[in-house]
1. Mind checking which residues of the range 6-51 are touching a residue at least 24 places away in the same chain (Cβ under 8 Å), surrounded by fewer than 16 Cβ atoms within 10 Å (Cβ to Cβ), farther than 15 Å from residue 87 by Cβ and touching a helix residue (DSSP H, G or I) at 6+ places or on another chain (Cβ under 9 Å)?
2. In the range 130-156, how many are modelled with pLDDT under 95 and either under 23 Å from residue 195 (Cα atoms) or within 22 Å of the chain's Cα centre (by Cα) (or both)?
3. If residue 109 satisfies all but one of (1) surrounded by fewer than 13 Cβ atoms within 10 Å (Cβ to Cβ); (2) in contact with a strand residue (DSSP E or B) (Cβ under 9 Å, 6 or more places away or on another chain); (3) at positive phi, what's the number of the condition it fails?
4. Quick check on this structure: which one of 141, 123 is within 16 Å of ligand 1 (Cβ to nearest atom), more than 23 Å from residue 29 (Cβ to Cβ) and outside any strand (DSSP E or B)?
5. Would you please name the residue that is farthest from residue 114 (Cα to Cα), looking only at residues in the range 132-167 that are near ligand 2 (Cβ under 8 Å from one of its atoms) and free of Cβ contacts under 8 Å to residues at least 40 places away in the same chain?
Ligand code: SF4
Ligand code: SF4
């Protein structure tokens, strides 16, 4: 069991930008609504080594990989990214989930051994470093069928079983190649938005209010 301090997500209208900035500086995440169909996700600027940064992973969870750091103005020093229109429901869902939590951050207990939600219905893209590590360990087959397949666009991904489980996930919910597991697995941070979404989507575990809106 690990204890994680995660950001609480709050919605703010644009005229409350100062309050949004204060919430983010205190450790939270802000959804800053410029109109009903345009919103920014505001978070603390991730450090250079952003492997387990909750802000960066809140962006990845929306299928984006870029953000800007504000050099001046109310958001000076903070990072933001425009939320894709088809992800606005995600922003609404995060604020709905966190509406019962006071303050800008929250302490939560997470136990991966009880969970393994992120090892199901996922897409683990293998990096060149992963295939090299497999080969160096005498397991080059891990980067080939039936364990992995290459998409037409060139991505090499782990293949899943018909029931959506990763082939390497054992019955006891432990990873069968833990020492060699791919980078996306070892970097996936407990308590991040990606983790919270996997737990909701796969296991129906909610760290807050259950969804009133239909997911996706
Ligand atoms: S979804 Fe989160 S808690 Fe569950 S196994 Fe993955 S990182 Fe651990
Ligand atoms: S390789 Fe291991 S950690 Fe990665 S998804 Fe599969 S079971 Fe989970």
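The values are calculated or read from the model by the stated rules, or taken from the named source; none is laboratory data. Source: prediction; values computed, not measured. Using ideal geometry, Cβ is built from the backbone for each residue, glycine included, and neighbour counts are taken over all protein chains shown.
1. Scanning the range 6-51 gives a single hit, 51.
2. Residues in the range 130-156 being modelled with pLDDT under 95 and either under 23 Å from residue 195 (Cα atoms) or within 22 Å of the chain's Cα centre (by Cα) (or both): 1 in total.
3. Evaluating residue 109 over (1) surrounded by fewer than 13 Cβ atoms within 10 Å (Cβ to Cβ); (2) in contact with a strand residue (DSSP E or B) (Cβ under 9 Å, 6 or more places away or on another chain); (3) at positive phi leaves (3) as the failure.
4. Going through 141, 123 in turn, just one is within 16 Å of ligand 1 (Cβ to nearest atom), more than 23 Å from residue 29 (Cβ to Cβ) and outside any strand (DSSP E or B): 123.
5. Here the residue is 158.
A quick yes/no check of all residues on (1) outside any helix (DSSP H, G or I); (2) touching a residue at least 40 places away in the same chain (Cβ under 8 Å); (3) surrounded by 17 or more Cβ atoms within 10 Å (Cβ to Cβ):
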| site | (1), (2), (3) |
| --- | --- |
| 171 | yes, no, no |
| 185 | no, yes, yes |
| 190 | yes, yes, yes |
| 195 | no, yes, yes |
| 198 | no, yes, yes |
| 201 | no, yes, no |
| 208 | yes, yes, yes |
| 212 | yes, yes, no |
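Rundown of residues vs (1) in a loop (DSSP other than H, G, I, E, B); (2) over 28 Å from residue 3 (Cβ atoms); (3) within 18 Å of the chain's Cα centre (by Cα), yes/no style:
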site	(1), (2), (3)
39	no, yes, no
42	no, no, yes
55	no, no, yes
59	no, no, yes
63	yes, yes, yes
73	yes, yes, no
108	no, no, yes
